[in-house]
Every structure is written in C-alpha cells, then in structure tokens.
Amino acid sequence: ALGFKVFNTTMTASGVAMRCISATTMFAPAISRTNAGSSRKVSPAKISRRSASRATRVVVRAEEEPARAKGPSTNQMLVFVPPHPLINHWLGIARNAMTPPAIFRSTLGELGRLLVYECVRDWLPTFTAEVEGPMATAQVEMVDPGQPVAVVPVLRAGLVLLEECKTVLPASVTYHLGFVRDEETLEAKMYLNKLPKQFAEGQRVLISDPMLATGGTIVQAIEECLSRGALVKNIRIVCVVACPTALSVLSDKYPGLRVYAAMIDEELNDQGYIIPGLGDAGDRAFGTE
C-alpha cells in the first residue's frame, strides 16, 4: 500500500464528505466535516468599518474561533481528487491534442479556479461579523484580509493555473519560483526565486504546478518554502495531473501534506512525461516548443 490516502470529495448539506477511491491506497472510513477554516481573535475596534450607508457597515462580534468539526488525520499525506463534472469537462479539453494554445491556457485557468476552490474550502482564515443589510442585520463569516495566503506558482505553467483564482482567493500574495527541466537527467534546475527571506509564523502556502510527474520540481519548491520557515502542515499543492511516482516521493518526505488534483494518471514514459497526461503544459499554454 502507498503511504498516502486518496479522497474523492463531494459537498453535502452539512459540509464536505470524503471517501477513499483508490484500491491501491491506504483506506480510511468515510468522514464528514464542516468548513474548518481557522479564525483569529479580532478586536472590534480594529476591524469595524462604519459609513453613512447602513448597507456598508460591518461590525465584528466574534472574539474566538467558532467550534469546528474534527478533520482527517494529519500523520500522512492526503490526496484529494474532486469528482466535479466541470473539472472532468475541462480536463477532457486539456487532454485533447487539438486544443489550441489560447483555449488550453484558459482551460488550465478554469481547472485552477475549481481546484483552488476545493483546496481552500476548509483552509482560509475567517472572522465573524455583523452587517446591516437592506432588510435586517445579519451574522456573516468573511475571509480575513489580514492573513493572506502565500501563493507560489511554479513557472511557467503554474502561473496559468492561477489566472482565474481571484474570486476564490480574495486575500493572497504571490511569490514566483522558476524551474527548467534538464531533458537528459530529468532533474529540475531553478532559475528564479522570488520567495521572501522568511515566511510569517503560521503562513499558509499554496504551491501550483500543473504536472506532478517524477516529483523533482515540486520537492525543490517545497524545500525552498520550508527553508524560509513554512511548515508542511500549512502547505497545499494544486495540480491538474499527478503520477503515483511523484505522490510516493511526496508522501515519504512530507507527512501531513495535502495535494489537490483533477486526476491521477498511473504511467510515466522514458522521457518523464505522464501518460496520458497533458504533454508539456507550459509549451501548450504559451504556444512554444
């Protein structure tokens, strides 16, 4: 058995239901949980916003994190493959060799938006507030802009995954990492590093890379983040297609890591490409060879 669990995630009335879908992985019982994004203690004096308009007044009431349901174990890596028809639809377009670069690029953007939505479902820091609406006062929960997610796209194609993500990442800051693969050794070499010297304590880090093939590039990206103070438990990976080779490497090195993928393809060819995969996602997105 592999050292990670693969979950098929679906929405229920009470939150997220997750169940294992891979017969080759370590199985876990079905579990349910509600949105478990953390909420920091907020001072009403600091967050309250008032104006002449009743519809725009926001007053923070909560002083502590709401009760949250217990999530899955963090002592091993978890892989989430959301069974969403739109994810399957856009994946089909991305797999088509006849898809032109402009459409392929927008397709990766749509896949990125859907996958990031799943990734941050239980992860974004929030605060509880009271707003005055047109009809009555309402209790609301909002994403905390004071704790932006650090987004780390692996260039080039990792940047494309984030092009449509502003609506699902309302508070974020972007740091770029650039890698190029040696076609003979299949090893990744870094040519750009725009990470901060040190991440803030508890910083959430989202790394995007469309393809997890051998695992070499994503391991280097994670190590760069860890060397700057990030913790494995606060790092999440978003990709389009992953291969068990890369997932096994990640599982061995980073217990507690979470990976979100549209699909897991089982095979790598001699050139290190995932089969059937997407081909070279960077070249296809930017129309280069």
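The values are calculated or read from the model by the stated rules, or taken from the named source; none is laboratory data. Note that the structure is a prediction, hence the values are computed from the model and not measured. Positions of Cβ are backbone-derived with ideal geometry, glycine not excepted, and every protein chain shown enters the neighbour counts. To get the accessible areas, we keep the full protein, side chains included, count just its heavy atoms, and leave off ligands, DNA and RNA. Shrake-Rupley method; radii C 1.70, N 1.55, O 1.52, S 1.80 Å.
Would you point out which residue out of 126, 167 is within 26 Å of residue 233 (Cα to Cα) and under 16 Å from the mean Cα position of the chain (by Cα)? Steps first, please.
On the way: 126 fails: under 16 Å from the mean Cα position of the chain (by Cα).
Selected residue: 167, the only one of 126, 167 that is within 26 Å of residue 233 (Cα to Cα) and under 16 Å from the mean Cα position of the chain (by Cα).
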Does segment 121-139 hold any residues that are of a type outside the set (Asp, Glu) and closer than 30 Å to residue 208 by Cα, and which are they?
121, 123, 124, 125, 126, 127, 128
For segment 243-253, indicate whether the set of residues that are at pLDDT below 95, in contact with a Cys (Cβ under 6 Å, 6 or more places away or on another chain) and either within 11 Å of residue 79 (Cβ to Cβ) or not polar (S, T, N, Q) (or both) is non-empty.
no
Of the criteria (1) surrounded by fewer than 21 Cβ atoms within 10 Å (Cβ to Cβ); (2) free of Cβ contacts under 8 Å to residues at least 24 places away in the same chain, which one residue 107 fails
(1)
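In segment 186-195, what count of residues is obtained for those that are under 12 Å from residue 175 (Cα atoms) and either open to solvent by 30 Å² or more (accessible area, probe 1.4 Å) or among the polar types (S, T, N, Q) (or both)? Reasoning before the result, please.
If we filter segment 186-195 for residues that are under 12 Å from residue 175 (Cα atoms), which is where we start, we get 192-195.
From what's left, either open to solvent by 30 Å² or more (accessible area, probe 1.4 Å) or among the polar types (S, T, N, Q) (or both): 192-194.
Looking only at that region, the number is 3.
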Listed by first then second residue, the pairs whose first member lies in segment 170-185 and is surrounded by 12 or more Cβ atoms within 10 Å (Cβ to Cβ), whose partner is assigned to a loop (DSSP other than H, G, I, E, B) and among the hydrophobic types (A, V, I, L, M, F, W, C), with beta carbons under 9 Å and at least 6 positions apart or on separate chains, are 170/124; 171/124; 172/162; 172/165; 174/162; 175/195; 176/195; 177/195
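Quick one: in segment 82-92, of everything that is at pLDDT below 95 and open to solvent by 10 Å² or more (accessible area, probe 1.4 Å), which residue is nearest to residue 168 (Cα to Cα)? Show your work before the answer.
If we filter segment 82-92 for residues that are at pLDDT below 95, which is where we start, we get 82-84.
Checking which are open to solvent by 10 Å² or more (accessible area, probe 1.4 Å) leaves us with 83-84.
Values: 83: 19, 84: 16 Å.
The residue in question is 84.
Can you name the residue in segment 195-218 that is under 21 Å from residue 239 (Cβ atoms) and in a loop (DSSP other than H, G, I, E, B) and, of all such residues, is farthest from the chain's Cα centre (by Cα)? Walk me through it before giving the result.
Going through segment 195-218, the residues under 21 Å from residue 239 (Cβ atoms) turn out to be 195, 203-218.
Next, from what is left, pick out any that are in a loop (DSSP other than H, G, I, E, B): 195, 203-204, 209-210, 213-215.
Numbers: 195: 18, 203: 14, 204: 10, 209: 10, 210: 11, 213: 17, 214: 19, 215: 17 Å.
Selected residue: 214.
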Which ones in segment 154-164 are open to solvent by less than 60 Å² (accessible area, probe 1.4 Å) and either of a type in the set (A, V, I, L, M) or more than 22 Å from residue 193 (Cβ to Cβ) (or both)?
154, 155, 157, 160, 161, 162
Could you tell me whether residue 151 is open to solvent by less than 30 Å² (accessible area, probe 1.4 Å), in contact with a Phe, Trp or Tyr (Cβ under 9 Å, 6 or more places away or on another chain), touching a residue at least 40 places away in the same chain (Cβ under 8 Å) and not polar (S, T, N, Q)?
yes
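Residues are listed down the side, and each one gets a yes or a no for (1) among the β-branched types (Val, Ile, Thr); (2) under 21 Å from residue 104 (Cα atoms); (3) open to solvent by 10 Å² or more (accessible area, probe 1.4 Å):
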| position | (1), (2), (3) |
| --- | --- |
| 231 | no, no, yes |
| 238 | yes, yes, no |
| 241 | yes, yes, no |
| 248 | no, no, yes |
| 252 | no, no, yes |
| 259 | yes, no, no |
| 262 | no, yes, no |
| 266 | no, no, yes |
| 287 | no, yes, yes |
Filter the strands (runs of 3 or more DSSP E) completely within segment 132-178 down to those with at least 1 residues that are under 28 Å from residue 281 (Cα atoms).
149-155, 172-174
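Does residue 226 meet the test of being open to solvent by 10 Å² or more (accessible area, probe 1.4 Å), modelled with pLDDT of 95 or more and of a type in the set (A, V, I, L, M)?
Numbers: open to solvent by 10 Å² or more (accessible area, probe 1.4 Å): yes; modelled with pLDDT of 95 or more: yes; of a type in the set (A, V, I, L, M): yes.
Judged against the criteria, residue 226 is a match.
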Name the pairs: first residue in segment 209-230 and at positive phi, second residue assigned to a helix (DSSP H, G or I), Cβ to Cβ under 8 Å, at least 6 apart or on different chains?
215/245; 215/246; 215/247; 215/248; 215/249; 215/250
How many residues does segment 197-216 hold that are under 15 Å from residue 240 (Cα atoms) and open to solvent by 10 Å² or more (accessible area, probe 1.4 Å)?
4
Residue in segment 111-122 that is open to solvent by 40 Å² or more (accessible area, probe 1.4 Å), acidic (Asp, Glu) and more than 16 Å from residue 276 (Cβ to Cβ) present
no
